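The values are calculated or read from the model by the stated rules, or taken from the named source; none is laboratory data. All values derive from a computational prediction rather than experimental measurement. Here the Cβ positions follow ideal geometry from the backbone for every residue, glycine too, while neighbour counts run over all protein chains shown. Calculation scope for accessible area: heavy atoms of the full protein, side chains included, ligands and nucleic acids excluded. Shrake-Rupley method; radii C 1.70, N 1.55, O 1.52, S 1.80 Å.
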Amino acid sequence: MPSTNEQTPTIDLRAFSLVFFEECAEHLADMERLLLAMDPHNPDQEDLNAIFRAAHSIKGGGGIFGFEDMTVVTHELESVLDLVRGGETALTPAMVDLFLMAADVIAMQLAGRREGAPVDDGAVGGVCAALRALHSASPSTPSEPDDAGRNIQSASPEPVRYRIDFTPSPDIFCRGIRIENLFEEIAELGRLRVNAEIPETVELSAFDPELCHTRWSLELETTAPESEILDIFEFVADDGSIAMTAMERPQEQRAPAGQAPLQPDVSPVRESRGRDLADGSIRVGVTKVDQIINQVGELVITQAMLTQLGSVLDPVQFADLHRGLQQLSRNTRDLQESVMSIRLVPISLVFSRFPRMVRDLAAKLGKDIELRMVGEGTELDKGLVEKLADPLTHLVRNAVDHAIESPEARVAAGKPAAGTITLRASQVGGKIVIDVMDDGSGLDRQKILKKATERGLAASDAMSDDEVWQLIFAPGFSTAEAVTDVSGRGVGMDVVLRNVQALGGRVSVTSEAGRGTRLTLSLPLTLAILDGLSVAVGKERFIIPINAIVESLQPQTGDIRTVNGTGRVLQMRGEYLPFIPLHELFAIGGAEERPEAGVLVVVDAEGEKVALQVDALVDEQQVVIKSLEDNYRKVPGSAGATIMGDGRVALILDVGEITSLWRGRIREEAA
């Protein structure tokens, strides 16, 4: 017998409600996306059904976990949506706005439950009252004339009887789920009968009152579709714990006299959507994934060390060892690619927040703006997705507020009254490129120069357009005439640049007066592992990302020329490429100074070809990216560091930043 002093352990329900919180956020995102894309005058029936199911799932999950406050708004929203999808109430633009407000309130309640954020009870009550008023004001079910011209009520779908076998997992109570709430939710769909069964006798000495030893057999007579019934079990049914069968219709229970009984209309056993999701995906905490990635990274380093040690052994005498090391290398690469793919998510997770934001800001500013999104399926590291939200939000808000003109101004300029903002994502080599484009007025060169001079920044008319555009990234810089709650406080573009650079990326700007502006964010595909080429410069080793390399060559005498104000260039097949000797840039002694005695690696530095001089090409290998800033300090021209097979640290080169550093040095020397 347990000691009387022994206390029952406290159960942390937050861990078990995490799945509900994540699913709820996904349902809200789906609702918002569908509502924003919906034509109120001609709504798609399937979209209406999907919005209703999302609201119903949130309501059911909230009730099951005891979050009764979250069921208040969803209940009212569900009632109005049911009238709309049934054709009893016509959808209007004002209804869509109200539905979006309801989604915002539910999101606020979700944040309150998940993070302890404050909840505005006034907003909750206001939305509920507005939804309740819509429901109360709706006309009765429309009538249709029969063949004799008499009005009759539209035929309702015939009820179906379902048998539902539910065998919950033993720890269902420990997860904070209350069975009575579940059954109350199901009973709202029709007539419900519940039978409890204990499949086997449990010895009293082994009986644990915190575990569930019961299974349930339910019979539900309802007009609701199967999907609506299964939605109720979404947060409680584990893999294989529920099966549902359609039985005979109620009016078919007795066969006419003299005839054989009708066989039940039995459909194949269908498991809950929880089973479908379990077969296709599994939710794993990001921390666990990061741990696996870090461990795989260390495995890559260990594999490189073993390969380095094996390279000095006789390949004939140690043939089996060499074959084993080659197999280890292949397996390590396959494992690394598989693990890295786990963290890749579509950029639509970020893009999906902007249609609502653009819609609301445009209405507030009296502008007509269309948002286009291209390449939403482009995948990148989850860590990048989370950190991209703020920079992209700044860029989109600026485009709405500053770039797109008013409808009157656009028409006067010969443009369509509606402006367009385009978000485009694509993968170029090992980089993700995101463009934020608009067809607005473009950047005003003279206005930027004037503001820069007023703020004491180095600016002159002799500056190129590219140099002028870079001034907008100065801290506190703003050309807004007035401060608003949208923008104009001098905070934004410097934050964009700082955040993107912290991710190892770069920002570039192109603009044309009267035609629009394009801001381009170039970011690494992943923050963990990359394929690189190891090069030697003196006794130092550097890593050049493979995706940045165009070709390598050994120049001839006369291929390197000097151009005033530009420095040395490489003449290659009619092109003149900037020439950068790495030993000079990093002040490395003992390196080969003559270009013709070394090797030139031609790289793509954000659309421009550049030739880097190194002593030799060493090896192509996978490298694990380690942050220098976290462990040492920022090193200009580097995108991090890695540990080589011999234990030495090698810098991973950022070819774009190297090009900028070299040009800065050339300008200083010319001055």
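Summary table
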| read-out | value |
| --- | --- |
| Length gained when the stretch GLU115-ASP320 is fully extended (0.36 nm per residue, less Cα-Cα span) | 68.1 nm |
| Members of LYS609/LYS634; LYS382/LYS451; LYS451/LYS609; LYS447/LYS634; LYS450/LYS634 lying beyond 29 Å, as alpha-carbon distances in this model show | LYS382/LYS451; LYS451/LYS609; LYS447/LYS634; LYS450/LYS634 |
| ³J(HN,Hα) computed for each position of region 329-336 - Karplus, 6.51 cos²θ - 1.76 cosθ + 1.60, integer Hz, glycine/proline x | 5, 5, 5, 5, 5, 4, 5, 4 |
| Surrounding net charge for ASP390, when Lys and Arg each add one and Asp and Glu each subtract one, Cβ distance under 14 Å | +2 |
| Sulfur and carbon atoms: percent of accessible area, region 345-429 [1.4 Å] | 52 percent |
| Relative pair counts by distance (%), Cα atoms of region 528-671, 10 Å bins | 11, 43, 36, 10, 1 |
| Label-to-label distance, nm, for residues given as VAL635 and SER338 (7 Å Cα→Cβ offset) | 3.4 nm |
| Accessible surface of ILE293 - all protein chains present, 1.4 Å probe, nearest 10 Å² | 10 Å² |
| 12 Å beta-carbon shell around VAL127, net charge (K/R +1, D/E -1) | -4 |
| Nonlocal amide H pairs with VAL428, under 5 Å, H built at 1.01 Å | VAL433 |
| Net length gained if the chain between TYR576 and ALA107 were fully extended (0.36 nm per residue, minus Cα distance) | 163.2 nm |
| Protection-proxy order for peptides 353-361, 539-547, each taking the mean of Cβ atoms within 10 Å per residue, highest first | 539-547, 353-361 |
| Kirkwood hydrodynamic radius over Cα pairs of region 599-654, then Stokes diffusion coefficient at 4 °C and 1.567 mPa s, in µm²/s | 101 µm²/s |
| Region 493-599 - charge dipole about Cα centre, Lys and Arg +1 at Cβ, Asp and Glu -1, debye rounded to 20 | 280 debye |
| Label-to-label distance, nm, for residues given as THR302 and ALA458 (7 Å Cα→Cβ offset) | 5.1 nm |
| Whole-number percent relative contact order across region 415-454, with pairs defined as alpha carbons under 8 Å at least 6 apart | 33 percent |
| Relative contact order (percent, whole number), region 552-671, Cα cutoff 8 Å, 6+ residue spacing | 20 percent |
| With all protein chains modelled, accessible area of THR378 [1.4 Å, Å²] | 20 Å² |
| 10 °C / 1.306 mPa s Stokes-Einstein diffusion coefficient of region 336-385, Kirkwood radius on C-alpha pairs, µm²/s | 126 µm²/s |
| For region 387-446, accessible area per residue (1.4 Å probe, heavy atoms of protein chains only), Å² | 40 Å² |
| Rounded, prolate or oblate (a/c below 1.5 giving rounded, otherwise prolate when a/b exceeds b/c) for region 537-590 by Cα gyration tensor | oblate |
| Around LEU582: net Lys/Arg minus Asp/Glu count, Cβ-Cβ under 12 Å | -4 |
| Derived scalar couplings ³J(HN,Hα) [region 443-452; Karplus, 6.51 cos²θ - 1.76 cosθ + 1.60; whole Hz; x for Gly, Pro] | 6, 9, 4, 5, 5, 5, 4, 5, 5, 5 |
| Sites matching trypsin sites (Lys or Arg not before Pro) across region 398-472 that sit in DSSP coil, with at most 16 neighbouring C-beta atoms within 10 Å | ARG455 |
| Dipole axis of region 516-576 (+1 Lys, Arg; -1 Asp, Glu on Cβ), positive-most option in ILE529, TYR576, PRO555 | TYR576 |
